[in-house]
Structure formats: structure tokens, C-alpha cells
Amino acid sequence: MRSVAALLCVLAQAHALARSTLQNVTVYQTLPRLECSKEETNKAADVRDEPAILFVHVFKAAGSSVRGIFRRYAEKCNKRWACLVQCQKGGSPRGATVPCRLRDMVNLNRRLVMGEDGRRNPRTENLGALSHIVGGHFHYGMHTLVPQGRSYFYVTVVREPLSTWISGMRYHDKSLKTVQDVRNAAEKFLPRGSNRFYQNGLTYLGAVDGLPLGRKAPMPEKLVSALSNLEDVLVVGVVESWSTTIDLLQAMLDPTDRAPFMWDRYRDASKKKNTASKSLSSVDIVRDLRGDGYWGDIRRFLLFENAFYAAAIARHALACKHVLGEDCRLRRQGGLGVLLNASLLAPDLLPSGDIDAASLVNSQPEKPRVSPVAVASAHAVLAEAQRRRAVKDKIRKNRSKKKKKLLPVTEQL
């Protein structure tokens with residue numbers, strides 16, 4: 001009973017933090033945009049006078065599609081793209097090299113990026129000074145490769161956690177051909193009564209490998225870290241709000257609209273008929289998972305990832321408001337709430353209050369978004385947690401020193 005009460009308390013705090021992300025708009029005070037250029041590019045030239053873009057590819061959240069957009073943009077607009085894979089420990093640069101493999105690049109000189117000494121990993125200084133866009137399955141924190149003084153911003157795209165979990169199971173096991181196959185795989189991965197929690201976007205944006213306890217850190221600590229870092233991401237895209245996601249990318253990469261057909265093509269991609277096999281529908285899978293008491297286990301399993309997703313939706317709405325202004329399509333067409341209700345697999349799993357608060361960001365006329373009670377931001381909560389940890393460490397250190405100073409009883413006599 002005590003564990004249930006503790007979980008409910010943590011849940012309330014998570015929802016309060018998700019709503020608090022609506023208050024922090026610092027990242028939108030300056031918008032370092034790239035410009036689409038039709039001039040020939042010099043692959044050896046230093047481009048640190050232009051902003052750098054860091055794309056955090058969250059697993060099963062349309063990341064491959066976004067990487068394709070960046071690659072095509074680099075080709076058409078003479079920019080430089082680097083795709084990193086197989087990143088170790090989140091991919092944060094370690095000294096002279098980035099612990100990732102360079103999979104793909106556009107308009108970059110491989111010898112300059114990798115260095116002339118035959119290294120297998122990209123050189124931190126060269127990659128940060130020569131690239132316009134760096135993307136891949138790395139964690140938040142890749143901005144450490146950007147040279148001092150160069151402007152940069154983060155981009156990421158999120159997707160409904162239930163969808164990414166189901167899609168991830170089918171991605172890792174191609175033999176899942178029926179609803180029953182998926183159900184069996186789900187119960188094998190998440191046995192009834194399990195204490196496991198789903199971690200996807202939390203891992204990437206929480207930069208969990210950089211936490212004091214690493215991946216063994218408590219879930220609340222991972223969530224606070226992820227929400228804190230999320231407030232520094234300028235463009236938060238949402239798969240369920242794809243057209244607005246493309247609008248945001250175009251506004252930051254091609255504000256003068258020099259490649260309109262490319263953006264229209266990607267913007268309309270969600271409207272095209274899906275030619276994939278309809279033998280296994282996610283809707284049917286969810287309907288089966290709801291069939292008995294197992295749904296309660298799934299709700300608990302997705303608890304923290306859903307709180308993160310709700311905060312990401314809030315950041316998506318804020319980006320639409322501050323980057324696109326009057327052109328934000330979430331101000332029309334019924335708003336974000338109507339869009340999500342029509343596209344989510346299980347809206348009932350998400351915190352309705354947080355979604356409603358995000359939906360009001362671009363409402364006409366704008367309505368109050370949060371309760372009058374002040375809620376500390378994720379940044380403030382994280383700073384307070386670090387301060388308390390430092391105080392505890394200092395007290396523990398002083399106690400150990402006092403024990404060493406005490407003489408044994410035999411010597412005191």
C-alpha cells in the first residue's frame with residue numbers, strides 16, 4: 001500500500017513538472033536559423049559562423065524519415081550533414097574524438113572529419129567546425145562538440161509511447177505476424193505484476209549515462225533530467241502532429257522558402273496512402289491488450305514515458321507559437337487537442353490535464369495555461385536535487401573524517 005501511495009505521489013510530481021515546461025521559453029529568445037543556399041560548397045571551409053543543428057534520433061519516432069529530410073536538405077541547399085551510429089555511452093565527445101561511427105555524410109570531406117591519423121571515430125573539433133547538421137542515436141549533450149562561440153540548437157521528434165513500444169517489439173522480432181504473437185511477446189517482456197518501466201525518449205533526452213548512478217538511477221531522477229534537457233530543445237516535433245513538425249523544420253532551415261517543393265512533399269507524406277500490409281493493425285493489438293487486467297500493468301509500465309511525452313507535446317505547442325507565430329497551424333483546425341484525439345492509440349493513458357494545458361497554448365483567444373499555483377521548473381528541481389546531493393555527500397565525508405580521528409578504546413585507556 002505504501003508503494004502505491006509513493007507511486008501516486010511521484011505521478012503527481014511528474015504531471016506538475018510536465019505542466020511547468022510551459023513556463024520556460026528561454027530557448028525561443030534567439031532563433032539561429034540556417035539559410036538554404038544554391039551556391040557551390042567548399043567541403044574544406046570552416047562553417048562555425050553559421051548555426052549548428054543537433055538531431056537526437058529517438059527510437060521508433062520517425063527518426064529515419066527526419067534523417068532523410070536532413071540529408072535531402074543538405075543536398076539541395078549545399079549544407080553539410082553527418083549521421084552518427086553505434087554511439088557509446090550516449091555519444092558525448094570524449095576528448096579528441098566522438099565515440100560514434102560515421103555512417104553517412106553530405107558535402108563533407110571524410111579525411112578532414114576523421115583526421116589524417118587513421119582514427120575510426122570522428123574528431124570532435126573537426127566535426128563541430130565543419131558540419132551544419134549532426135544527427136543520430138546519441139543522447140542530449142552532443143553540443144559539447146560545437147566550438148565555443150558557435151550558435152546551435154537541438155531538434156528531436158517524439159511519438160506516443162504505446163506506439164513506440166509496440167513498434168519496437170515488432171522491429172526487434174520480425175516473426176510477430178499476428179495479434180496473439182504480439183500479445184505473447186508483450187507478456188514475456190512485461191510479465192504481469194512487473195515493476196519495470198518503459199524508457200525510450202527518457203533515455204535519449206535524459207542523458208542517463210551522465211547521471212551519477214547512470215542507467216541505474218531512479219526513474220524520477222531520469223524524468224527530471226529529461227524534462228530539464230527538453231526545455232533546451234528548440235524544435236520538438238511530434239509524429240502525431242507531423243505537418244506542424246515539418247513547418248518548424250522549414251522555418252529554421254529554409255525561412256526564405258527557397259526549396260518549397262521539398263517541404264511540401266514531406267509535409268504531405270502523412271496524407272499518402274499507406275501501402276504496407278494491413279494484416280496486423282496497431283489498433284487491433286491495443287484492443288486485445290485492453291481485453292483484461294493486463295492493461296493496468298501497461299499503464300504503470302508507460303507511466304514515466306507518458307509524462308515525458310506530455311511535456312514534449314507542450315514544448316511542441318510552444319515551438320509552434322514562438323517559431324511560427326501567426327502561421328502556426330495549431331491555432332486552426334480545431335487545435336492540438338482535436339489532432340491528438342484523432343491520432344493517438346490510447347489517449348486515456350496520457351495525463352489529460354497536461355494535454356489540455358498544451359492544447360491551450362495556441363488557442364484563440366489564448367487562455368490561461370496553468371493553475372495560479374507556482375510550479376517549479378524542471379531546471380529548478382534538478383538544481384535543488386543536485387544541491388541536496390552535494391550537502392549529503394559533504395555530511396557523509398565529514399562523518400568519515402571524524403571516525404578516523406577517534407582513537408581505539410584500548411589507546412584511550
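Things to note:
- The string of couplings for segment 246-259 from the Karplus curve (6.51, -1.76, 1.60, θ = phi - 60°) is 5, 4, 5, 5, 5, 5, 8, 9, 9, x, 8, 6, 8, 10 Hz, one whole number per residue in order, with x for Gly and Pro.
- Fully extending the segment from Arg215 to Asn109, taken as 0.36 nm per residue of separation minus the present Cα-Cα distance, adds 34.6 nm.
- Per-residue extension of 0.36 nm, minus the Cα-Cα distance of Ala45 and Arg290, leaves a gain of 82.5 nm for this segment.
- Accessible surface, segment 218-273, averaged per residue in Å² (probe 1.4 Å): 36
- Within-13-Å neighbourhood charge of Arg71 [Cβ basis; K, R +1; D, E -1]: +4
- Reachable aspartates and glutamates from Lys89, criterion Cα separation under 14 angstrom, eight or more residues apart if same chain: Asp209
- Arg33-Arg389 FRET efficiency (beta carbon distance; Förster radius 30 Å; 0.05 resolution): 0.20
- Using 0.36 nm per residue and subtracting the Cα-Cα separation, the extra length available between Val338 and Arg399 on full extension is 16.2 nm.
- P(r) for segment 179-317, from all Cα pairs and a bin width of 5 Å, is 2, 8, 14, 14, 14, 16, 15, 10, 5, 2, 0 %, short bins first.
- Label sites at Lys188 and Arg299, each approximated as a point 7 angstrom past Cα along Cα to Cβ, lie 2.8 nm apart.
- The residues packed around Gly136, meaning those with a beta-carbon under 10 Å from its beta-carbon, carry a net charge of +2 if Lys and Arg are +1 and Asp and Glu are -1.
- For segment 90-187: rounded, prolate or oblate by the Cα gyration tensor [a/c cutoff 1.5]: prolate
- Neighbours of Gly91, meaning other residues whose beta-carbon lies under 14 angstrom from its beta-carbon, give a summed charge of +3 when Lys and Arg score +1 and Asp and Glu score -1.
- Within the accessible area of segment 142-219 (1.4 Å probe), percent carbon and sulfur: 51
The values are calculated or read from the model by the stated rules, or taken from the named source; none is laboratory data. Bear in mind that the values here come from a model prediction, so they are computed numbers and not experimental data. As a convention, Cβ positions derive from the backbone with ideal geometry for all residues, glycine included, and neighbour counts pool all protein chains shown. Side chains are part of the model used for accessible areas, which takes the heavy atoms of the whole protein and leaves out ligands, DNA and RNA. Shrake-Rupley method; radii C 1.70, N 1.55, O 1.52, S 1.80 Å.
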